[in-house]
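Inspection log for the structure reproduced underneath, given as structure tokens.
Where a number appears in this text, it was derived from the coordinates with a stated rule and is not lab data. This is a predicted model, so every value here is computed, not measured. Virtual Cβ from ideal backbone geometry, glycine too; neighbours counted across all protein chains shown.
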Amino acid sequence: ILNVEQSPQSLHVQEGDSTNFTCSFPSSNFYALHWYRWETAKSPEALFVMTLNGDEKKKGRISATLNTKEGYSYLYIKGSQPEDSATYLCAFNAGNNRKLIWGLGTSLAVNP
Amino acid sequence: DGGITQSPKYLFRKEGQNVTLSCEQNLNHDAMYWYRQDPGQGLRLIYYSQIVNDFQKGDIAEGYSVSREKKESFPLTVTSAQKNPTAFYLCASKPGGSYNEQFFGPGTRLTVL
């Protein structure tokens, strides 16, 4: 059974703090790792699709790294802002299977 | 204004009735997906379709049916055989290509009374 785990489950930080979350996935048969942001009352939006070991991707203050050999990805947010408050989901794509296996997400609340 | 639409946002049905959830996309995407979200669980795949007139069961297909007669439409029918139909349902689409991200609709919250 393929399992994707995210930690922590929830996080409260102050505006301006930097933070990071972890996504753990099976290290065998890796194909791709997706990160999505899901704000309340909106649709999930893709942040990154990562495919190569050692990948680092960045979008504004948000960045992500990928280690496929040990099966983890980190998502970093630098200088958190209230608008960063959302649930951050990761999803694992095994082999050439078109299906994504989703984690439960990390719920981030940024206090002004 | 491209995107994915799901309607309605909230849906109430009596137990034993079939109900069809709409999903339409004008992004010209080949693949479409239906997910279900329940409290404390990750998104679970119900059905997906890579191309018109073809679809595959996901991880929790029992009690659901779909059709893909047009590229832009992928309706999901929740049948009376689905034992716990009350949930939040998300539709997504994806352009061709293995590494592309999925684009999501706003979701439909179905409550079966």
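A few points about this structure:
- Around the Cα centre of the protein assembly as shown, unit charges on the Cβ atoms of Lys, Arg, Asp and Glu (plus for the first two, minus for the last two) sum to a dipole of about 340 debye.
- Of A:Lys58/B:Lys9; A:Lys57/B:Lys94; A:Lys57/A:Lys99; A:Lys42/A:Lys99; A:Lys69/B:Lys57; A:Lys57/B:Lys9, those spanning more than 25 Å from alpha-carbon to alpha-carbon: A:Lys58/B:Lys9; A:Lys69/B:Lys57; A:Lys57/B:Lys9
- DSSP-loop trypsin sites (Lys or Arg not before Pro) across segment B:1-78, with at most 13 other Cβ within 10 angstrom: B:Lys9, B:Lys14
- Whole-angstrom Cα spans of chain B along principal axes, big to small: 39, 30, 28
- Of the GluC sites (Glu not before Pro) found in segment B:1-74, those in coil by DSSP whose Cβ has at most 11 other Cβ atoms within 10 Å are B:Glu15, B:Glu62, B:Glu69.
- Debye-formula intensities of chain A, expressed as log10 I(q)/I(0) at q = 0.18, 0.19 Å⁻¹, are -0.83, -0.92 (one equal scatterer per alpha-carbon, no solvent).
- Distance histogram in 5 Å bins (all Cα pairs of segment B:67-113, percent per bin): 5, 16, 21, 22, 17, 12, 6, 1, 0
- From the alpha carbon centroid of segment A:5-33 to that of segment B:29-103 is 25 Å.
- q = 0.12, 0.14 Å⁻¹: log10 I(q)/I(0) that the Debye formula gives for the protein assembly as shown, counting C-alpha atoms only: -0.66, -0.89
- Placing +1 on the Cβ of every Lys and Arg and -1 on the Cβ of every Asp and Glu, with nothing else charged, gives chain A a dipole about its Cα centre of roughly 340 debye.
- The trypsin sites (Lys or Arg not before Pro) found in segment A:1-87 that occupy coil by DSSP, while having at most 10 further C-beta atoms within 10 Å, are A:Lys69.
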